[in-house]
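To start, the structure itself, in structure tokens.
The values are calculated or read from the model by the stated rules, or taken from the named source; none is laboratory data. Since this is a predicted model, take the numbers as computed values, not measurements. Quick reminder, even Gly has a Cβ in these numbers, built from the backbone with ideal geometry, and neighbours come from all protein chains shown.
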Amino acid sequence: MAKQYQFPKDFWWGAATSGPQSEGRFHKAHRNLFDYWYDHEPGAFWAGVGPDVASNFYNDFRQDIALMKQAGLNSVRTSIQWSRLIKGLETGEPDEDGVRFYNEVIDEFLRQGIRPIMNLHHFDLPYALYEKYGGWTNKKVAVLFADFAETCFALFGDRVKEWTTFNEPMVVAEGEYLYRFHYPLQVDGKKAVQCIYNLNLASAMAIERFRQSACEKQGGRIGIVINLTPAYPRSDAAEDLAAAAFAETFKNKAFLDPAVKGVFPPKLVEILRKDGVLWESTPEELDLIQRNTVDFLGVNYYQPFRAQAQTAFDDSEGWLPEKYFAPYEMPGRRMNPYRGWEIYPQAIYDIAINIRDNYGNIPWYVSENGMGVEGEEKFRQANGMIADDYRIDFIKEHLAWLHRGIAEGSNCFGYHLWTPIDCWSWSNAYKNRYGLIALNLANQQKTLKKSAYWFRDLAAHNGFTE
Ligand code: BGP
């Protein structure tokens, strides 16, 4: 018998993108870390394609938002680029064209009846702040971020009702200081740990400014977008369980706990202290973090993390979190053959229950989920439409588990797909496509994929039947 998946009233059906991945470099002088990296090492990027044009949202935003409307989106997250909005990075002086652009974008979303969710940092630290201060390892940058946030609240808070401080802060720490996929491409566990702390501090400082601003009186709420990779142990052996527990604490709780509960996981603090790599903090900062927790949570979920006991830790590069766990390539796990990420929809249910039981059932939404596919042009049909049935199936499977979590009481208010329109994706550039709307790089045309029509029905019916 057909099963109906009906979602709560006013559910957010939407999609997420970011400024650096969609807009294009409209101000070449104002560079973020990726702009800088590309200018110096274009060969590190897929097909040598950098962020110069991206999906040209800077010029095409009205047409793009109209396409998003056609795909039935009732809400969209994008980000305000710090390096574009603020020209005087030390003085905080806004750039006139940046202010005009973001004002027009927000107004256009509202005109089309789409709720804009504005994020303040999506891997795009201004390069000048790296050059001068060493980036997120320096607390001065956290203060400057709070200043930038305050400017955004003052400029746009009359119309933007949902804000998020950071997208995937853990990926910033991992990419910059552990696994070398974000500039400055270093391996330095101690810096990674300080970076984790400083990002938490920066988020709390921005939230404090939010509470001091007029935003709340205007009906605003503030959250953070955290990528969760639930850690599952290889077996029930004590060593594997301990490995998964540490991976869960380091990868997920290091941001989840301070954001929602206002405190770092005591176990993490204890281990980092014992190993001599604990971050530098002050009682005043810890108090500020405690006082400034989020109103809601965005959760990006792509894949789980399978963990096993570490048996061969190589400490030649100093302290690393892998001292306590090793990745486990579970035989038979289901993989996305294109992106190399595991597909495990049930984790979304586990996340829902975890938030319900361990995080006070705080309101949350799936802020990213999606399937990256290489070479999607081969699925283009004679009528010109890309028939991405695999994406529809992927979304359905995740929604079915999410539905169950909600039925069991988890306080989830939305689902956003990554991404509305195929966009530029860091060093992977255009290798993997995620969009509901295809971008043809050869002629810059944007057309709805089959999934966009399916998503429109999903949003119109507030659910689907299977
Ligand atoms: C998330 C990021 C997005 C986007 C997505 C897809 O981690 O928030 O910015 O890049 O992953 O990742 P990728 O393009 O590397 O496949």
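Going by what's in this entry, would Asn440 be described as among the polar types (S, T, N, Q) and in contact with a Phe, Trp or Tyr (Cβ under 8 Å, 6 or more places away or on another chain)?
Details: among the polar types (S, T, N, Q): yes; in contact with a Phe, Trp or Tyr (Cβ under 8 Å, 6 or more places away or on another chain): no.
Criteria not met by Asn440.
Does the stretch 399-413 include one or more residues that are within 16 Å of the ligand (Cβ to nearest atom) and at pLDDT 95 or above? Break it down stepwise before answering.
From the stretch 399-413, those within 16 Å of the ligand (Cβ to nearest atom) are none; that's our starting set.
Checked the stretch 399-413: no residue is within 16 Å of the ligand (Cβ to nearest atom) and at pLDDT 95 or above.
In this structure, Glu374 does not satisfy being farther than 13 Å from Tyr434 by Cα, within 16 Å of the ligand (Cβ to nearest atom), surrounded by fewer than 19 Cβ atoms within 10 Å (Cβ to Cβ) and among the charged types (D, E, K, R).
Select, from Thr137, Thr91, the only residue that is touching a Lys or Arg at 6+ places or on another chain (Cβ under 6 Å) and polar (S, T, N, Q). Walk me through it before giving the result.
On the way: Thr91 fails: touching a Lys or Arg at 6+ places or on another chain (Cβ under 6 Å).
That would be Thr137, the only listed residue that is touching a Lys or Arg at 6+ places or on another chain (Cβ under 6 Å) and polar (S, T, N, Q).
For every residue, the table says whether it meets (1) surrounded by fewer than 20 Cβ atoms within 10 Å (Cβ to Cβ); (2) modelled with pLDDT of 95 or more; (3) closer than 30 Å to Val141 by Cα.
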| position | (1), (2), (3) |
| --- | --- |
| Leu33 | no, yes, yes |
| Gly43 | yes, yes, yes |
| Pro51 | no, yes, yes |
| Gln63 | yes, yes, no |
| Val76 | no, yes, yes |
| Leu89 | yes, no, yes |
| Phe109 | no, yes, no |
| Gly113 | yes, yes, no |
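Within the stretch 383-390, can one find any residue that is away from the ligand (no atom under 16 Å from the Cβ) and crowded, with 18+ Cβ neighbours inside 10 Å?
Filtering the stretch 383-390 for residues away from the ligand (no atom under 16 Å from the Cβ) gives 383-387, 389.
Subsequent filtering for residues that are crowded, with 18+ Cβ neighbours inside 10 Å retains 386.
Scanning the stretch 383-390, I find at least one residue that is away from the ligand (no atom under 16 Å from the Cβ) and crowded, with 18+ Cβ neighbours inside 10 Å, so the answer is yes.
Quick one: which residue in Ile80, Ile106, Ile117 is closer than 22 Å to Tyr365 by Cα and in contact with an Asp or Glu (Cβ under 6 Å, 6 or more places away or on another chain)? Working first, answer last.
Values: Ile80 fails: in contact with an Asp or Glu (Cβ under 6 Å, 6 or more places away or on another chain); Ile106 fails: in contact with an Asp or Glu (Cβ under 6 Å, 6 or more places away or on another chain).
On inspection, the qualifying residue turns out to be Ile117.
Taking residues in the stretch 347-368 that are under 20 Å from Val263 (Cβ atoms) and β-branched (Val, Ile, Thr), and partners anywhere that are at pLDDT 95 or above and within 16 Å of the ligand (Cβ to nearest atom), the pairs with Cβ atoms closer than 8 Å and at least 6 places apart or on different chains are Ile355/Leu297; Ile355/Val299; Ile362/Leu297.
All of (1) buried (at least 19 other Cβ atoms within 10 Å of the Cβ); (2) within 16 Å of the ligand (Cβ to nearest atom); (3) farther than 28 Å from Gly223 by Cβ hold for Tyr324 with one exception: (2). Within the bounds of the stretch 417-427, is there any residue that is at pLDDT 95 or above, on the phi > 0 side of the Ramachandran plot and near the ligand (Cβ under 10 Å from one of its atoms)? Yes. If you filter the stretch 213-242 down to residues that are assigned to a loop (DSSP other than H, G, I, E, B) and within 16 Å of the ligand (Cβ to nearest atom), you find that the one that is surrounded by the most Cβ atoms within 10 Å (Cβ to Cβ) is Leu228. Quick check, is Val294 within 19 Å of Glu208 (Cα to Cα), among the aliphatic types (A, V, I, L, M) and touching a Lys or Arg at 6+ places or on another chain (Cβ under 9 Å)? The answer is yes for Val294. Within the stretch 300-315, residues that are more than 19 Å from Arg333 (Cα to Cα) and in contact (Cβ under 8 Å) with a residue 60 or more places away in the chain reach partners that are part of a loop (DSSP other than H, G, I, E, B) and away from the ligand (no atom under 14 Å from the Cβ) with beta carbons closer than 6 Å, at six or more positions or on different chains, in the pairs Gln310/Phe325. Restricting the stretch 327-346 to residues that are outside any loop (DSSP other than H, G, I, E, B) and away from the ligand (no atom under 15 Å from the Cβ) leaves a set whose member that is nearest to Cys412 (Cα to Cα) is Gln346. Please tell me if Trp454 is outside any helix (DSSP H, G or I) and either more than 15 Å from the ligand (Cβ to nearest atom) or touching a Pro at 6+ places or on another chain (Cβ under 7 Å) (or both). Taking the combined requirement at face value, the residue does not satisfy it. Note on the stretch 56-175: enclosed strands (runs of 3 or more DSSP E) holding 3 or more residues that are in contact (Cβ under 8 Å) with a residue 12 or more places away in the chain are 75-79, 115-119, 162-167. Just one of the listed residues (Leu120, Leu129, Leu155) is surrounded by 22 or more Cβ atoms within 10 Å (Cβ to Cβ) and over 21 Å from the mean Cα position of the chain (by Cα), and it is Leu129. For the stretch 388-411, the count of residues that are in a strand (DSSP E or B) and either over 18 Å from Ile224 (Cβ atoms) or touching a residue at least 12 places away in the same chain (Cβ under 8 Å) (or both) is zero.
Answer with yes or no whether Lys251 is within 16 Å of the ligand (Cβ to nearest atom), basic (Lys, Arg), under 30 Å from Met205 (Cα atoms) and not in a loop (DSSP other than H, G, I, E, B). Answer is yes for this residue. Ser367 fulfils the conditions (1) out of contact with any Lys or Arg (no Cβ under 7 Å at 6 or more places or on another chain); (2) buried (at least 18 other Cβ atoms within 10 Å of the Cβ); (3) not in a loop (DSSP other than H, G, I, E, B) except for a single criterion, (1).
For the stretch 423-456, the candidate set comprises residues that are out of contact with any helix residue (DSSP H, G or I) (no Cβ under 8 Å at 6 or more places or on another chain) and closer than 18 Å to Asn369 by Cβ; within that set, the residue that is surrounded by the most Cβ atoms within 10 Å (Cβ to Cβ) is Gly435.
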